[in-house]
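To keep things clear, I will list the structure first and then write my remarks on it.
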Amino acid sequence: LKPGPIRMIQQGGETEVIYISGGFREVQPNMVKVLADTVQRAADLDEAQAQAALKAAEAALHEKSADFDYGAASARLAEAAAQLRTVQQIRKKFGG
């Protein structure tokens with residue numbers, strides 16, 4: 001799975017949106033499991049903090065040093081962008 005939002009429907013029918021940093025999904029006949037390194041309630045994400053993380057990741061891509069790890073820097077950029085998209089989607093959908 002790529003970084004981004006997941007809509008979780010609990011047994012009682014209650015829906016919650018969570019953000020994952022990426023991971024794997026396992027589909028069983030009676031359930032779906034998501035294995036992720038980072039999980040955060042979308043409602044707990046802070047737009048200003050996500051915006052700052054995005055700018056920091058973009059800056060890291062431009063400041064290449066001798067020990068620069070392009071893969072890690074681009075992964076941080078993708079995660080920050082996904083967090084920001086999640087916050088904006090939640091705000092747009094729920095007016096928050």
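The values are calculated or read from the model by the stated rules, or taken from the named source; none is laboratory data. Every value quoted in this text rests on a predicted model; they were computed, and no experiment measured them. Neighbour counts are summed over all protein chains in view; Cβ atoms, including those assigned to glycine, are modelled from backbone coordinates with ideal geometry. For accessibility, only protein heavy atoms count, side chains too; no ligands or nucleic acids. Shrake-Rupley method; radii C 1.70, N 1.55, O 1.52, S 1.80 Å.
Taken over the range 26-51, the criterion of being over 18 Å from A75 (Cβ atoms), under 15 Å from the mean Cα position of the chain (by Cα) and at pLDDT 85 or above is satisfied by V34 alone.
What residue, among those in the range 19-50 that are touching a helix residue (DSSP H, G or I) at 6+ places or on another chain (Cβ under 6 Å) and closer than 18 Å to R91 by Cα, is surrounded by the fewest Cβ atoms within 10 Å (Cβ to Cβ)? My answer is E47. Please count how many residues of the range 52-81 are closer than 17 Å to I20 by Cα, open to solvent by less than 90 Å² (accessible area, probe 1.4 Å) and not hydrophobic (A, V, I, L, M, F, W, C). Within the range 52-81, residues that are closer than 17 Å to I20 by Cα, open to solvent by less than 90 Å² (accessible area, probe 1.4 Å) and not hydrophobic (A, V, I, L, M, F, W, C) number 2. Only residues that are closer than 16 Å to A82 by Cβ and over 9 Å from the mean Cα position of the chain (by Cα) were counted in the range 7-23, giving 3. Filtered by the rule that a residue be farther than 25 Å from G71 by Cβ and among the β-branched types (V, I, T), the range 15-58 gives T15, V17, I18, V27, V32.
Could you list, in sequence order, the residues of the range 26-57 that are of a type in the set (D, E, K, R) and part of a loop (DSSP other than H, G, I, E, B)? Hits for the range 26-57 are D37, D46.
Scanning the range 3-18 for residues that are part of a strand (DSSP E or B) and touching a residue at least 24 places away in the same chain (Cβ under 8 Å), we see that the one that is most open to solvent (accessible area, probe 1.4 Å) is P5.
For the range 58-79, the criterion of being over 17 Å from I90 (Cβ atoms), of a type in the set (K, R), in a helix (DSSP H, G or I) and under 12 Å from the mean Cα position of the chain (by Cα) is satisfied by at least one residue.
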